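A short worksheet on the structure shown next.
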Amino acid sequence: MSEVKRITTPLTDEIIEDLKVGDRVLLSGYVYTARDAAHKRMLEEYEKTGKLPFDIKGQVIYYVGPTPPKPGQVIGSAGPTTAYRMDKYTPKLHELGLKGTIGKGWRGPEVKEALKKYRAVYFAAYGGTAALLSKHIKSSEIIAYEDLGPEAIRKLYFEDFPVIVANDMYGGDVFEEYQKKYRKLEIDP
């Protein structure tokens with residue numbers, strides 16, 4: 001197994017260059033949340049004003065709609081949302097300086113091209129572990145679109161949040177690589 005890489009936001013080109021498909025990463029620092037409705041609104045706002053609700057350069061967006069916290073908790077369960085639902089918005093955000101996204105599942109070809117072009121990365125978080133993942137979130141503050149409820153944009157602070165590099169800036173795709181390996185096993189048992 002590969003060694004675990006520890007990285008901290010904001011992400012730089014040098015950090016992105018060092019990440020390869022399959023790398024296990026513990027991510028710390030500030031990360032922003034956004035899902036479908038927030039992405040749509042952010043880009044509509046950008047088209048009208050030329051501004052986003054936060055400085056996106058070097059940042060990471062986590063595709064999550066957390067549940068409300070119980071007393072004494074910072075945040076409720078916070079598991080990843082299916083990433084391809086944001087594919088139509090993601091390339092523009094990478095063009096504007098976004099360096100990383102976190103979700104579950106594969107990304108489409110337009111996102112993979114944007115990762116190469118704008119030197120960015122897509123991390124996969126472990127689905128089905130929402131309660132465990134929330135323990136790595138040390139603070140949560142709504143910064144935009146509060147009316148969207150769980151889909152409001154939040155600024156989270158991560159401490160050793162576990163992810164894997166699913167798509168790197170070199171065109172690597174962990175999902176394609178593992179499918180090839182398993183197909184070969186089916187043919188050559």
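Quick note: the coordinates plus some simple rules give every number you see, no bench work behind them. This one's a predicted model, so the numbers in the text were calculated from it and none came from an experiment. Cβ atoms come from the backbone with ideal geometry, glycine included; neighbour counts cover every protein chain shown.
Measure nothing but the geometry: give the 0 to 90° angle between the long axis through the Cα atoms of 36-49 and the longest principal axis through the Cα atoms of the chain, rounded to 10°.
Its long axis makes an angle of about 60 degrees.
Can you give the helix-only mean residue ellipticity at 222 nm for the chain, where every DSSP H stretch with n ≥ 4 adds -39500 (n - 2.57) and the sum goes over all residues, rounded to the nearest 500 deg cm²/dmol?
Calculated from helices alone, the mean residue ellipticity at 222 nm is -8500 deg cm²/dmol.
Please find, in a Gaussian network model of the chain (springs between Cα atoms separated by less than 10 Å), the residue of T90, T49, T12 whose mean-square fluctuation is greatest.
Answer for the Gaussian network model of the chain: T49.
Label-point separation (nm) for V4 and D55, each offset 7 Å from Cα along Cα-to-Cβ?
3.0 nm
Modelled label-to-label distance, T129 and D36, 7 Å Cα→beta-carbon offset: nm?
The answer from the label model is 2.7 nm.
Tell me, what is the FRET efficiency for I164 and T67 to the nearest 0.05, using R0 = 22 angstrom and their Cβ-Cβ distance as r?
With a Förster radius of 22 Å, E is 0.40.
Most mobile of L98, L115, L148 per a Gaussian network model of the chain (Cα springs, under 10 Å)?
L148
Over the chain, with a Gaussian network built from C-alpha contacts below 10 Å, which listed residue (V74, V121, V174) shows the highest mean-square fluctuation?
So, out of V74, V121, V174, the one fluctuating most is V74.
Ranking R41, R6 by Cβ neighbours within 10 Å, fewest first, what do you get?
Fewest-to-most Cβ neighbours within 10 Å comes out as R6, R41.
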